Amino acid sequence: MSDTTSNRMWGGRFAAGPDAIMEAINASIGFDKRMAAQDIAGSRAHAAMLAATGILSDSDAEAIREGLLTVLSEIEGGTFQFSTALEDIHMNVEARLKEVIGAPAGRLHTGRSRNDQVATDFRLWVRDQLDAAEGGLQALMQALLAQAEVGADWVMPGFTHLQTAQPVTWGHHMMAYVEMFGRDLSRVRDARVRMNESPLGAAALAGTGFPIDRHMTAQALGFDRPMANSLDAVSARDFALEFLSVASISAMHLSRFAEELVIWSSAQFRFVTLSDRFSTGSSIMPQKKNPDAAELIRAKIGRIFGANVALMMVMKGLPLAYSKDMQEDKEQVFDAADNWMLALAAMEGMVRDMTANVAVLEKAAAHGFSTATDLADWLVRETGLPFRDAHHVTGSLVALAEKKGCDLPDLTLDEMQAVHGRIDASVYDVLGVHNSVRSRTSYGGTAPARVREQVAAWKERLA
């Protein structure tokens, strides 16, 4: 496409076309062509509204509709020739539409501006990504629910400070992530409701004198309503920032789980075995099986966080209404969306394929005096000791076991009674890890019965 053609699109504003540097910094077609389907959908809705309000003839509207479908088929078929001289997806589509149908193409832009056009396209694109994220989160949660259900009785160590704290069940640990990703799911849905308003028809910043029907175009594009202020309509990018914020929080949850999978699959832990589909070998060490998918999820999250900060920085100093700075919004969101969707899919695959090493988990659960709290609770219940005194007695017993190189259940009754005389043989009922988890029956606790209740509740919510 020549500079002369580019100048014609601008209506003669410039005497000469931009040089190569200006063209390179000004053009966005390299990335905003991803919004082609949304741009054409917006234009079709706009053309139909112009005809319905009498601003455009039915014949011109029909020519535009057919022409836009032709352009869309060319783009989807990979035959469309994008031009950096035409800057962006909007001008590329409009120029090609003119080549296809001639003069009626010039009437399509009546009553709108590229400012409201790009705001509409971008909202439609982000809305589609929120819908995709909803599906990805639900699939991951279903995979976690399957793990929780099968392992509701499996015992593993629970940690604080990455130190053994108390026994928990595998199902309880999986359900913790179901809760986290469930909140991510609710944030996705909340964000979608909040951003589902149409900027189309706000024009450059002040609305238009043409008798357009913004409610009609909003309805045609699946928006709940048109945005109520034309300045805000073309200025707002908080919908994109909210998308990035939601993505960042969800990505943080993904990264925490990825970190656990890296630890759990190590030779030192051996809590889980990841499938070969989500692991790689070493080029030099034949014994290695590396959790590369988990590590890459952990790393890619930084790109999502970075996109969130970058767009905040772009927007923080901009006066109303539109500034060219806002062209920098899309690459950040596109990259974050790609990496979030990929991380969700990879995590779902790992969770579905991973195998818990049940015997290793149970053995680890019994180490590190993990039932010390159960002993303290038993002393409170059975002997009437204040908890702080029970805590002190238990600490003394832990010190004795540590000195002997054994665990609490391995201490004899005589050794325990030497520390506190009211301890009897029934104490051993609470010192086993299975007894420990079964006793944690409070709402939200790790007892298998509670886990199964939560699995059933979430299955119903996701059905």
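The values are calculated or read from the model by the stated rules, or taken from the named source; none is laboratory data. All values reported here derive from a predicted model rather than from experimental measurement. Cβ placement follows ideal geometry from the backbone for every residue including glycine, while neighbour counts extend to all protein chains displayed. Heavy atoms of the whole protein, side chains included, go into the accessibility calculation; ligands, DNA and RNA do not. Shrake-Rupley method; radii C 1.70, N 1.55, O 1.52, S 1.80 Å.
Rg then Dmax, both in Å and based on the Cα atoms of the chain: 30.6, 100. Site pair Phe210 and Ser59 shows an inter-label distance of 1.9 nm when each label is modelled 7 Å from Cα along Cα→Cβ. Solvent exposure of Tyr428, expressed as accessible area, is near 70 Å², computed with a probe of 1.4 Å over the protein chains only.
Here the label points at Glu149 and Ile249, each 7 Å from Cα along the C-beta direction, are separated by 2.8 nm in the simple model.
Between 0 and 90 degrees, rounded to the nearest ten: what's the tilt of helix 238-264 against the longest Cα principal axis of the chain? The helix 238-264 is inclined about 30 degrees to the chain. Between amide H atoms placed 1.01 Å from N, distances below 5 Å from Val272 occur with Ser265, Asn357, all of them 5 or more places distant or on a separate chain. Measuring how big region 20-107 is from its alpha-carbon positions, Rg and Dmax come out at 13.5, 43 Å. Each label point was placed 7 Å from the Cα along the Cα-to-Cβ direction; for Ser323 and Leu69 their separation is 4.3 nm.
Judged by the gyration tensor of its Cα atoms, with axes a ≥ b ≥ c, region 137-178 is oblate; a/c meets the 1.5 cut and b/c is at least as large as a/b. Each part reduced to its alpha carbon centroid, region 171-241 and region 434-456 end up 40 Å apart. The peptide list 157-169, 176-188, 412-424, 242-254, put in order of mean Cβ contacts within 10 Å with the highest first, becomes 242-254, 176-188, 157-169, 412-424. Computed over protein heavy atoms with a 1.4 Å probe, the carbon and sulfur contribution to the accessible area of region 368-431 reaches 52%. Rounded to the nearest whole Hz, the Karplus-based 3J(HN,Hα) values (6.51 cos²θ - 1.76 cosθ + 1.60, θ = phi - 60°) of region 111-120 follow the sequence x, 8, 10, 4, 5, 6, 5, 5, 5, 5, with x at glycine and proline. Computed in the context of the full set of protein chains, the accessible area of region 108-201 at 1.4 Å probe radius has 49% of its extent on carbon or sulfur.
For region 20-107, the relative contact order is 42 percent, taking Cα pairs closer than 8 Å that sit 6 or more residues apart in sequence and dividing their mean separation by the residue count.
Rounded, prolate or oblate, given the Cα gyration tensor of region 60-117, with a/c below 1.5 counting as rounded? Please report the intermediate quantities before stating the final value.
Numbers: a/c = 1.81, a/b = 1.12, b/c = 1.62.
In terms of gyration-tensor shape, oblate.
Spatially close Lys pairs in the chain, defined by Cα atoms under 21 Å apart and a spacing of eight or more places or different chains, total 9.
In this structure the chain gives 46 Å² per residue of accessible area when probed at 1.4 Å with all protein chains present. Give the angle, between 0 and 90 degrees and rounded to the nearest 10, that separates the Cα long axis of helix 170-195 from the longest principal axis of the Cα atoms of the chain. Taking the Cα atoms of the chain, the angle to 170-195 is about 20 degrees.
What is the chain's relative contact order, in percent, from Cα pairs under 8 angstrom and six or more apart in sequence? Display every interim value, and only then the final one.
Details: 663 pairs, mean separation 76.8, N = 463.
After rounding, I find 17 percent.
Semi-axes, largest first, in whole Å: what does sqrt of 5 times each Cα gyration tensor eigenvalue give for region 368-431? They are 16, 12, 11 Å, listed largest first.
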